[in-house]
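Let me begin by presenting the structure, written as structure tokens, before commenting on it.
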Amino acid sequence: MSKHRDDKPRVVFSTNPDFKPENDDNIEAETLPANQQTLYVALERLKGGKVATVISNFIGSETDLEALGKQLKTKCGVGGTVKDGLIMIQGEQRDKVIAFLGSVGYKTKKKGG
């Protein structure tokens, strides 16, 4: 038995050459306006003693999240990544990120120490 029980049928093998599984994962959430969102900005220690600024609690589509991540990376002048609903910016950029998000219209809260 599987640990994950959901009502979705799991197809192991199909002899139909035109078979395509149904994906409910393609449905994207509609992005809320900036003034209705509160984003959390935190610092996270990575291996090697490096620090990353993490922005979480974004409600919206993956493309809008990636666009916001690109704007933040450009504004801070550093690299970073967008994955699993989080934006990670290299370095301790929390003050720059909060200032930029505030100017764009997002409400922000510092998370952690």
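The values are calculated or read from the model by the stated rules, or taken from the named source; none is laboratory data. Note that the coordinates shown come from a computational prediction; the quantities given were computed from them, not determined experimentally. As a convention, Cβ positions derive from the backbone with ideal geometry for all residues, glycine included, and neighbour counts pool all protein chains shown.
Numerical summary
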{"item": "Residue in segment 9-29 that is part of a loop (DSSP other than H, G, I, E, B), surrounded by 11 or more Cβ atoms within 10 Å (Cβ to Cβ) and modelled with pLDDT of 85 or more present", "result": "no"}
{"item": "Exclusive hit being touching a residue at least 40 places away in the same chain (Cβ under 8 Å) and at positive phi, set GLY91, GLY77, GLY85, GLY60", "result": "GLY91"}
{"item": "Out of LEU43, LEU72, sole residue that is at pLDDT 95 or above, under 17 Å from VAL97 (Cβ atoms), of a type in the set (A, V, I, L, M, F, W, C) and out of contact with any Phe, Trp or Tyr (no Cβ under 9 Å at 6 or more places or on another chain)", "result": "LEU43"}
{"item": "Selection within segment 73-84 - part of a helix (DSSP H, G or I), in contact with a helix residue (DSSP H, G or I) (Cβ under 6 Å, 6 or more places away or on another chain) and not charged (D, E, K, R)", "result": "CYS76"}
{"item": "Residues satisfying the stated conditions in segment 45-70, i.e. surrounded by 13 or more Cβ atoms within 10 Å (Cβ to Cβ) and more than 14 Å from the chain's Cα centre (by Cα)", "result": "VAL51, ALA52"}
{"item": "Which numbered condition VAL97 fails, given (1) in a helix (DSSP H, G or I); (2) without any contact (Cβ under 8 Å) to a residue 40 or more places away in the chain", "result": "(2)"}
{"item": "Selected residue (only one of GLY60, GLY48 is outside any helix (DSSP H, G or I), modelled with pLDDT under 95 and more than 17 Å from GLY112 (Cα to Cα))", "result": "GLY60"}
